[in-house]
Every structure is written in C-alpha cells, then in structure tokens.
Amino acid sequence: MNSKSWIVKNSKIHGSGVFAKTDIKKGTRIIEYIGQKVTRQEGDKRSEKRIKKYLNSKKTGSVYIFELNSRYDIDGSFSYNKARYINHSCKPNCEVDIKNGRIWISAIKNITKNDELSYDYGYEFDIDDYKDHKCKCGASNCIGYIISSDDRHKLRKLQKRKNVSK
C-alpha cells in the first residue's frame, strides 16, 4: 500500500503517529519498516545509547531498532522511515509481518479512515526495566507498560504479589 493510505501527524498516544487516510481492509500490507541493516550487537549498542540519552532528558524519543532475525536488526531512526511513527497499543489494529528480510506492518482488522495505526511492540517483561516503557495507549486492557501480550500475565502476577504483601 502506498503513502496515499496513511499520514503522519500528532498522536494522543505518543508524539507523532501514523493515521489512515482511507479505510484499510484487514490483511492489507500498509507500510514497510525500513532503515539500516546492522548486526544484533550493533543494534544493541545503538539501543542502549539512545535509551540513556532519552531517559535522562526532558525530550521524548524512541529507539527505533527493530529485530529482523537472530543475526540482524533494522535501525529505523532515519527520517525516510515513516513506519517508525507507528505507536504501540495493547489493543492494536496492525501486526508485524517479517518476510524475506523485510518488515511489513499489516492490518489485522478493518481500519477506518482517521484511525491511528498501532501494533504490539512485543517487549518482553523484564523486572529491572519494564517501568522505563510506560504505555499511554488508553486501551481498556492496557496495564500501563509496553509489554507484549504474551508477557502481560507476568506483570499482573507481580502486581498481585505486591498487593498481598502490603
């Protein structure tokens, strides 16, 4: 799908977002996540550097490193990569589809014109740093942090334990 179907503008979730300019049907490939292909080791270095930069400042920013496979990442921090503006949601309307070394964002439900595109970033639950990734998606099932749907039960379990121990 081409850029005639989406536009980047201010988001209620976080900073900028990508919004549908037209209705988009379930199953449609919307946009490719593009950037510089780097080794996982280099991707980790860049991520760490950017996280430190933004955690200790008043600016908001994002890492934009996307795991391509077990050997490579895509550094999507470049201005030509508009897919980097798609925000996380705990109730997403898109998903990531990696095929033949390319990262696509595709609709998992019908999307109405003017809806913000979103997908589950898939962050694994890490007891030491989950609080660094606050979620502001506003979905009814949001637990307040950007954690993959597969790992949200781990945070809920931790929260129950803390409530019991008080």
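The values are calculated or read from the model by the stated rules, or taken from the named source; none is laboratory data. Keep in mind that this is a model prediction, so the values were computed, not measured. Positions of Cβ are generated from backbone atoms using ideal geometry, with glycine treated the same way; all protein chains shown enter the neighbour counts.
For the range 57-74, state whether one or more residues are under 21 Å from Ser5 (Cα atoms), surrounded by 18 or more Cβ atoms within 10 Å (Cβ to Cβ) and either among the acidic types (Asp, Glu) or out of contact with any Cys (no Cβ under 6 Å at 6 or more places or on another chain) (or both). Before you say what the answer is, go through the steps one by one.
Here is the first cut: in the range 57-74, the ones under 21 Å from Ser5 (Cα atoms) are none.
No, the range 57-74 contains no residue that is under 21 Å from Ser5 (Cα atoms), surrounded by 18 or more Cβ atoms within 10 Å (Cβ to Cβ) and either among the acidic types (Asp, Glu) or out of contact with any Cys (no Cβ under 6 Å at 6 or more places or on another chain) (or both).
Criterion first (at pLDDT below 95, touching a strand residue (DSSP E or B) at 6+ places or on another chain (Cβ under 7 Å), of a type in the set (A, V, I, L, M) and under 28 Å from Asp23 (Cβ atoms)) does Ile146 satisfy it? Walk me through how you get there before you give the answer.
Numbers: at pLDDT below 95: yes; touching a strand residue (DSSP E or B) at 6+ places or on another chain (Cβ under 7 Å): yes; of a type in the set (A, V, I, L, M): yes; under 28 Å from Asp23 (Cβ atoms): yes.
Yes; evaluated as a whole, the condition is true for this residue.
If a residue counts only when it is within 16 Å of Tyr85 (Cα to Cα) and of a type outside the set (S, T, N, Q), which strands (runs of 3 or more DSSP E) contained entirely in the range 4-56 have at least 1 such residues?
Values: elements: 6-10, 16-20, 29-33, 36-39.
By residue number, 6-10, 16-20, 29-33.
Are any residues in the range 98-108 surrounded by 14 or more Cβ atoms within 10 Å (Cβ to Cβ) and either part of a strand (DSSP E or B) or charged (D, E, K, R) (or both), and if so, which ones? Step through it out loud before you land on a result.
Taking the range 98-108 and keeping what is surrounded by 14 or more Cβ atoms within 10 Å (Cβ to Cβ), we get 98, 103-108.
Selection gives Ile98, Ile103, Trp104, Ile105, Ser106, Ala107.
What number of residues in the range 64-119 are without any contact (Cβ under 8 Å) to a residue 24 or more places away in the chain and under 13 Å from Phe19 (Cα atoms)?
The total comes to 0.
If only one of Asp73, Asp150, Asp126 is outside any loop (DSSP other than H, G, I, E, B) and among the charged types (D, E, K, R), which one is it?
Numbers: Asp150 fails: outside any loop (DSSP other than H, G, I, E, B); Asp126 fails: outside any loop (DSSP other than H, G, I, E, B).
Testing whether each residue is outside any loop (DSSP other than H, G, I, E, B) and among the charged types (D, E, K, R) leaves just Asp73.
Kindly list the number of the only condition in (1) touching a helix residue (DSSP H, G or I) at 6+ places or on another chain (Cβ under 7 Å); (2) at pLDDT 95 or above; (3) not in a strand (DSSP E or B) that fails for Gly61.
(2)
Take the range 120-154 and flag every residue that is crowded, with 17+ Cβ neighbours inside 10 Å and free of Cβ contacts under 8 Å to residues at least 12 places away in the same chain.
none
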